[in-house]
Number of protein chains: 2
Amino acid sequence: MNLVVSHYQKDIDMKNLSNQPCLIARSLALVGDAWSMLIMRDAHAGLTRFDEFRKSLEIAPTMLTARLSALTEDGLLEKRRYSDRPPRDEYVLTEAGRDFLPVLFAIGAWGRKYRGGGDVTRFFDAQTGTEIDPVTIDRETGAPVGTRAIRTVLPG
Amino acid sequence: MNLVVSHYQKDIDMKNLSNQPCLIARSLALVGDAWSMLIMRDAHAGLTRFDEFRKSLEIAPTMLTARLSALTEDGLLEKRRYSDRPPRDEYVLTEAGRDFLPVLFAIGAWGRKYRGGGDVTRFFDAQTGTEIDPVTIDRETGAPVGTRAIRTVLPG
DNA sequence: TCAGTTACTATGAATTTAGTAGTAAGTCAC
DNA sequence: GTGACTTACTACTAAATTCATAGTAACTGA
């Protein structure tokens, strides 16, 4: 147990949260810290290499190693060898990692509304040229999340 | 500077992240940890009191005090006195806090897809009775986030 | 060959988090 | 009106994590 990154208590937290019935908690077990989220953001922006992440985030290399390993183990990133000599790996998004983009945009949309002053990075649809304005809706009803009453059903 | 919760280095991180042009980073400065997110989840589930959060999350009271204070200061929760004697406060969602729900649902949707086995908590539309299936779309084009090319524009 | 690059690991200090116990100001039962 | 209980915390210490700096290994390019 805990053979790889055993000295991080996060693993214990992860175990607790990972087994909860709440899917939010389960997800947070994997990406419930700012570094992981920012690494995912940068991965979506096209960064793949250790030093690219390190310079972009100004993160300590120990932290970066731990986070990249965790995200790789959890299936959001994939280690890909791009040079055999010297042995060099890059980290690319998996399908699960690419599917994380809506979460980042939802967070960004909240930030634009409530922390939006000053200079901000903006995102545009490459086809239409319009600025992207993310809304999270229920696919079934089309209603934005939060505009209708919700019934919560616990398992068991 | 840092008069209120000065002994937490998170404040320093917050300052760094809060001034970044990236709105994702700015948001993560406030809620970029699992406890804050889970407190927000529980607040949306109707919890308001210190001990309700403490029991639900099994969080150390010191942590809970710190997180509730931070979320209150950041405008996601509001402290409301519900008893003068003894003095008792509860924490209720502000508009900014309520608007955070889409983020939680986006995270939950990702979790359902990639960590969805076993017993899970589910959410239904109270009107239609259908299970909520959150999708984050661009309000302008209607396209789900991640299905189209994005152009990033940095400030300045 | 010698500086530079890339991807890390080692190490120790600083900071944060956790856990237990305790406190303050009550209420409630009898 | 006394003792048990509740609620919302704070104090304190120990444990764990995070950070920063330095160092290493295996190259490249001039």
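Here are a few things to note about the model shown:
- Conditions (1) modelled with pLDDT under 95; (2) part of a loop (DSSP other than H, G, I, E, B); (3) in contact with an Asp or Glu (Cβ under 8 Å, 6 or more places away or on another chain): number failed by residue A:141: (1)
- Hits in segment B:70-85 - residues which are within 12 Å of DNA strand C (Cβ to nearest atom) and either over 16 Å from residue B:34 (Cα atoms) or polar (S, T, N, Q) (or both): B:83, B:84, B:85
- Output for segment B:126-141, where each listed residue is farther than 30 Å from residue A:129 by Cα and either at the interface with chain A (Cβ under 7 Å from one of its Cβ atoms) or within 25 Å of the chain's Cα centre (by Cα) (or both): B:126, B:127, B:128, B:130, B:131, B:132
- Taking the criterion of being surrounded by fewer than 14 Cβ atoms within 10 Å (Cβ to Cβ) and among the hydroxyl-bearing types (Ser, Thr, Tyr), the only residue of segment A:46-71 that qualifies is A:62.
- Qualifying residue in segment A:117-125 (condition: more than 7 Å from chain B (Cβ to nearest Cβ), touching a Lys or Arg at 6+ places or on another chain (Cβ under 7 Å), not hydrophobic (A, V, I, L, M, F, W, C) and not in a loop (DSSP other than H, G, I, E, B)): no
- Taking each residue of segment A:97-114 that is more than 7 Å from chain B (Cβ to nearest Cβ) and looking for partners that are surrounded by 24 or more Cβ atoms within 10 Å (Cβ to Cβ) and in a loop (DSSP other than H, G, I, E, B) with beta-carbon atoms closer than 6 Å, six or more apart or interchain, yields A:97/A:76.
- Residue check: residue B:73 meets all listed conditions (1) out of contact with any Leu (no Cβ under 8 Å at 6 or more places or on another chain); (2) free of Cβ contacts under 8 Å to residues at least 24 places away in the same chain; (3) more than 10 Å from DNA strand D (Cβ to nearest atom) but one, namely (2).
- Qualifying residue in segment B:113-120 (condition: over 30 Å from residue A:140 (Cα atoms) and at pLDDT below 95): no
- Qualifying residue in segment B:108-116 (condition: loosely packed, with under 14 Cβ neighbours inside 10 Å and in contact with a Lys or Arg (Cβ under 6 Å, 6 or more places away or on another chain)): no
- Pairs are defined by a Cβ separation below 9 Å, a sequence spacing of at least 6 or placement on different chains, a first member in segment A:139-156 that is at negative phi and loosely packed, with under 15 Cβ neighbours inside 10 Å, and a second member that is in a loop (DSSP other than H, G, I, E, B) and among the small types (Gly, Ala, Ser); the pairs so defined are A:148/B:126; A:149/B:126; A:151/B:126; A:151/B:129; A:152/B:45; A:155/B:118.
Let's see how each residue does on (1) within 28 Å of residue B:59 (Cα to Cα); (2) away from chain B (no Cβ under 12 Å); (3) away from DNA strand D (no atom under 16 Å from the Cβ); (4) over 14 Å from the mean Cα position of the chain (by Cα):
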{"site": "A:27", "(1), (2), (3), (4)": "yes, no, yes, no"}
{"site": "A:38", "(1), (2), (3), (4)": "yes, no, no, no"}
{"site": "A:43", "(1), (2), (3), (4)": "no, yes, yes, no"}
{"site": "A:50", "(1), (2), (3), (4)": "no, yes, no, yes"}
{"site": "A:55", "(1), (2), (3), (4)": "no, yes, no, yes"}
{"site": "A:78", "(1), (2), (3), (4)": "no, yes, yes, no"}
{"site": "A:91", "(1), (2), (3), (4)": "no, yes, yes, no"}
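- Residues that are crowded, with 20+ Cβ neighbours inside 10 Å, among the small types (Gly, Ala, Ser) and touching a helix residue (DSSP H, G or I) at 6+ places or on another chain (Cβ under 6 Å), drawn from segment A:72-107: A:106
- Residues in segment A:119-152 that are farther than 16 Å from residue B:148 by Cα and charged (D, E, K, R): A:119, A:138, A:139, A:140, A:148, A:151.
The values are calculated or read from the model by the stated rules, or taken from the named source; none is laboratory data. Keep in mind it's a predicted model, so treat the numbers as computed, not measured. No Cβ is skipped: glycine too gets one built from the backbone with ideal geometry, and neighbour counts run over all protein chains shown.
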